[in-house]
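Here is the structure we will look at, set down as structure tokens.
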Amino acid sequence: MKAPSSVDFTILITVSPGKIVKTRKVRLKKKAREEKVTRKGVSIFVALIVLAVVGFVVGVRLGVARKDASLNKTSDLTTKGLYYQLKMEKTDYNVGEPISVQLSVTNVTSSPIVLNFKKNLEFDITVRKEVDLLFAQVPKTVWRLSEDQMVYKDSHVLRVDAGKTLTFKGRWDQTNRDDKPVKPGRYQIIGNLLAEDRTESLQLRGKTGE
């Protein structure tokens, strides 16, 4: 129902001393305030909500591991003539038990492959704890090998002959970046070679103290 744009009032005016009473009808204008909600406004609001939800889902899925994802003590891939294998001894560890990680790199071609390194560290390990978030677990970095060692410039090369294998090793003592013990839970262990033009990484998944 549309609000009226004006309202009629009747005003009684008394004039003394003759006590003459006059009645006058006065029309006063009244502004009607209407809140208009257009279809365009609703559409914009809905679109913003949808974008927020999609952004949240995509952001979470970029680095989220499902709670029911299986544990794995080995991971491998073959690319650019090299076969990579990352492994640890088991998937279940006691609290505080050191976790040794090994990366093997095998030349699967018939020709030598040269790996170029810019620093003294040739292999890096990143450990991420899986933090519960609704039906998924979001990984949070708690430790990195390259942050726990002295790393400096040291350009050098390693040659991998056909059929030969290079082995790189690292160990995590279940401590965080502040060198304090981490809490029991599920962890992702990512290993990657630090050679130039070799950006591949492999991931293991284990648990401690559960």
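Numbers for the structure displayed
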{"quantity": "So Q174, is it modelled with pLDDT of 95 or more, among the polar types (S, T, N, Q) and surrounded by 16 or more Cβ atoms within 10 Å (Cβ to Cβ)", "calculated": "yes"}
{"quantity": "Every residue from the stretch 70-99 that is in contact with an Asp or Glu (Cβ under 9 Å, 6 or more places away or on another chain), surrounded by 12 or more Cβ atoms within 10 Å (Cβ to Cβ) and either assigned to a strand (DSSP E or B) or not charged (D, E, K, R) (or both)", "calculated": "L71, L77, L82, Y83, Y84, Q85, L86, K87, D92, G96, I99"}
{"quantity": "Residue list for the stretch 184-210, restricted to those being more than 30 Å from R159 (Cβ to Cβ), in contact with an Asp or Glu (Cβ under 8 Å, 6 or more places away or on another chain), of a type outside the set (D, E, K, R) and part of a loop (DSSP other than H, G, I, E, B)", "calculated": "P184"}
{"quantity": "The stretch 108-164, residues that are in contact (Cβ under 8 Å) with a residue 60 or more places away in the chain and in a loop (DSSP other than H, G, I, E, B)", "calculated": "L121, E122, F135"}
{"quantity": "Close pairs (7 angstrom Cβ cut-off, 6 or more residues apart or separate chains): in contact (Cβ under 8 Å) with a residue 40 or more places away in the chain in the stretch 183-210, surrounded by 18 or more Cβ atoms within 10 Å (Cβ to Cβ) and part of a loop (DSSP other than H, G, I, E, B) anywhere", "calculated": "T208/Q174"}
{"quantity": "Sole residue being touching a Phe, Trp or Tyr at 6+ places or on another chain (Cβ under 8 Å), at pLDDT 95 or above and under 23 Å from L194 (Cβ atoms), chosen from D76, D161", "calculated": "D76"}
{"quantity": "Within the stretch 101-120, tally of residues that are closer than 27 Å to R186 by Cα and either of a type outside the set (S, T, Y) or loosely packed, with under 12 Cβ neighbours inside 10 Å (or both)", "calculated": "4"}
{"quantity": "Single match in V151, V160, V142 (criterion: crowded, with 18+ Cβ neighbours inside 10 Å and either over 23 Å from the mean Cα position of the chain (by Cα) or more than 25 Å from L71 (Cα to Cα) (or both))", "calculated": "V160"}
{"quantity": "Test: residue in the stretch 125-141 that is within 20 Å of P181 (Cα to Cα) and among the hydroxyl-bearing types (S, T, Y)", "calculated": "yes"}
{"quantity": "Subset tally (residues that are modelled with pLDDT of 95 or more, among the β-branched types (V, I, T) and more than 22 Å from N116 (Cα to Cα)) for the stretch 135-158", "calculated": "2"}
{"quantity": "Residue count, the stretch 79-105 (criterion: closer than 21 Å to N176 by Cβ and not charged (D, E, K, R))", "calculated": "10"}
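The values are calculated or read from the model by the stated rules, or taken from the named source; none is laboratory data. Given the structure is predicted, the values throughout are model-derived calculations rather than measurements. Note that we place each Cβ from the backbone using ideal geometry, even for glycine, and neighbour counts take in every protein chain shown.
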